[in-house]
Structures are given as structure tokens and as C-alpha cells.
Amino acid sequence: MVLKRAEWPSPDEYVVAVATKVAPYGAYVTLPEYDDKEGFIHISEVSSTWVRNIRNHIAENQRVVVRVLKVDEVKGHIDCSLRRVSSEAKRVKNEEWKRAQRAERLLELVAKENDMTLEEAYEKIGWPIQEYFGEIYKGLEAAADGDVSVFDDVDAPKKYLKQVAELAEDRIEIPSIEIDGEMTITVPGAEGVSVIKEGLKKGLEVGKKQDKSSVEIYTLGSPRYKLRIVSPDYKEAEDLLDEILDSVKKIIEKKDGTFKFTRK
């Protein structure tokens, strides 16, 4: 099912839709994230090119990502667009949908253990976790290493949070993100070697600030040096890469050296 906290979607929001009826003039869809409310995609919003046969673009029971154009809560109308969804927006939304489904499956288990409905599980556990982490599944990932203390500031019954953390530890495998690259560094003068060592040492010190990410820097033979970052979080890995490269580069260029990073 996968629920959203809001009762209605917002204009410009990307949502998952399931086609229920396809007609020559457009397609009727339901929005599973919003209690299966009905939406409509006019034929002019099906494709940016001429639509000869609408069924070449959407068919009954097909799940698609659409962009909400207009919401009329009084009349219960939701106008949607298929053609205004970029491939990147579609990818992001589909990934969000998959993560939400995984989170819901864990909430279903907690609901069953405590004789409550899924809706009650969202209210008592899911929405408080989302309030704190921004996304339910992100909170579950944070607890997947068995550390229920990540839920200390979540406004929900500790009994349920402990159950969720235990399920997350048992069922969620945190994928590792790996960034691999090569730094080419030269520094002129007699002190060049010591300056390079100082820069690489600073890069390793920056890497040690992150508890869940590991950083390796080693020589491939002057002037080439390997940089490898492994992290459970893509954004953290990218931010860490930027910080390491910036810290090394500042030290090298301060002594009139050259610095180049090539990502593998």
C-alpha cells in the first residue's frame, strides 16, 4: 500500500500512479500513496510527442510515475502528467517507492506483533521516525547496526522502537558505496616530499572524523597516490571526498605544487 502522511498530494509533486482505465482521451489512475485517490492524465499530458495510440504509452494496471498538476480537494479531482516526468525524476521516485515499501513491510511485522492495524503502526512508529529522520527507511537504516540509541529522540513508545530496531538489524543490509580515485601530486623544491606527506596525512585525518566511513590513501609510485573511500551513505561519501580533496589541495598549492584528482 505505502502511505503518505498527508491526505492529498501537492502540485508539482511526483507520485506513483496505477492506471485503472485507458480511454482515447486520457487515462484514469489511482494513487496508492494517497489512499488510492483517483487521478486523471489528459492525452495532452501523456507524451511530449504526438500520441497516435495512447496504449503505446500507458496501459491498464501499469504502474507509472506522474507529476501532479492540480488538486481540487472539494471536487476530488487530481490532474496528473506523464510527459512532465524526467528520467531522473522517475528514477528517484521509484527508488523512494521501493524504500517506502521496505519500511512498510517492517511496520506490518510490528503491527502484527502488537495487534494493531498498519495505519496505527504508521501513527505510533512510522510518522515519528519520519519526523526525526526525514524518511522512515533512513531511520531504519540508521538502526540496522543494532544501535537502538539512534531512536532516543524519536517521540514514540520505546517498546515499539526497540522492536523496529531489532527487525532492522535482522532484515536490512546496508550497501557500501565505494569511491576510488587517483591523486597526482607534485611539489617543487627540497621540501617537496615532506609537503606531500603533510597533505596526505591531513587527508587521512579528515577521513577519521567519520565513524561509518573508511579512508585509505597510499602511494602508487610518485607522483601518483591512491584514494579510496568506503561508506554506507552515498551523500556522506561524496561530502567526505570533497573535504579530503580540498584539505590536501590547499596544503599542496600553498607550496606552489600541482594537484589533480582522477576518479576511477
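No value in this document is a laboratory result; all are computed from the given coordinates. Because the structure is predicted, anything quoted here is derived from the model rather than measured. Please note: Cβ atoms are built from the backbone with ideal geometry, for glycine as well, and neighbour counts cover all protein chains shown.
What to note about this one:
- Cross-link partners of K249 among aspartates and glutamates, defined as those whose alpha carbon lies under 18 angstrom from its own and excluding same-chain residues fewer than eight positions apart: D180, E182, E191, E198, E205, E216, E238, D239.
- Rounded if a/c under 1.5, otherwise prolate or oblate - the stretch 128-174, Cα gyration tensor axes: oblate
- Relative to one another, the C-alpha centroids of the stretch 179-207 and the stretch 105-119 are positioned 53 Å apart.
- Loop-resident GluC sites (Glu not before Pro) (DSSP state other than H, G, I, E or B) in the stretch 125-204 with no more than 11 further Cβ atoms inside 10 Å of their Cβ: E173, E191.
- For the stretch 25-41, 3J(HN,Hα) per residue [Karplus equation, 6.51 cos²θ - 1.76 cosθ + 1.60, θ = phi - 60°, Hz, x = Gly/Pro]: 9, x, 10, 8, 9, 10, 10, x, 6, 10, 6, 6, 4, 8, x, 9, 10
- Simple spin-label estimate for W127 and K264 in nanometres, 7 Å along Cα-Cβ: 4.9
- Across the stretch 63-80, coupling constants 3J(HN,Hα) worked out from phi with the 6.51/-1.76/1.60 Karplus curve, θ = phi - 60°, read 9, 9, 9, 10, 9, 6, 9, 8, 10, 10, 5, 5, 7, x, 9, 10, 8, 10 Hz, and Gly and Pro carry x.
- Take the Cα of V85, step 7 Å toward its Cβ, do the same at E7, and the gap between the two points is 2.6 nm.
- Subtracting the Cα-Cα distance of K138 and D72 from their residue separation scaled by 0.36 nm leaves 20.6 nm.
- Partner lysines whose Cα lies under 17 Å from the Cα of K255, excluding those fewer than 8 positions away in the same chain, are identified as K197, K201, K202.
- Summing charges over neighbours of E13, with a neighbour being any other residue whose Cβ is under 10 Å away from its Cβ, gives +1 when K and R count +1 and D and E count -1.
- For the chain: relative contact order, % (alpha-carbon pairs under 8 angstrom, 6 or more apart): 13
- Here is how the number arises for the chain: DSSP H runs of 4 or more residues each give -39500 (n - 2.57), the sum is divided by the residue count, and the result at 222 nm is -12000 deg cm²/dmol.
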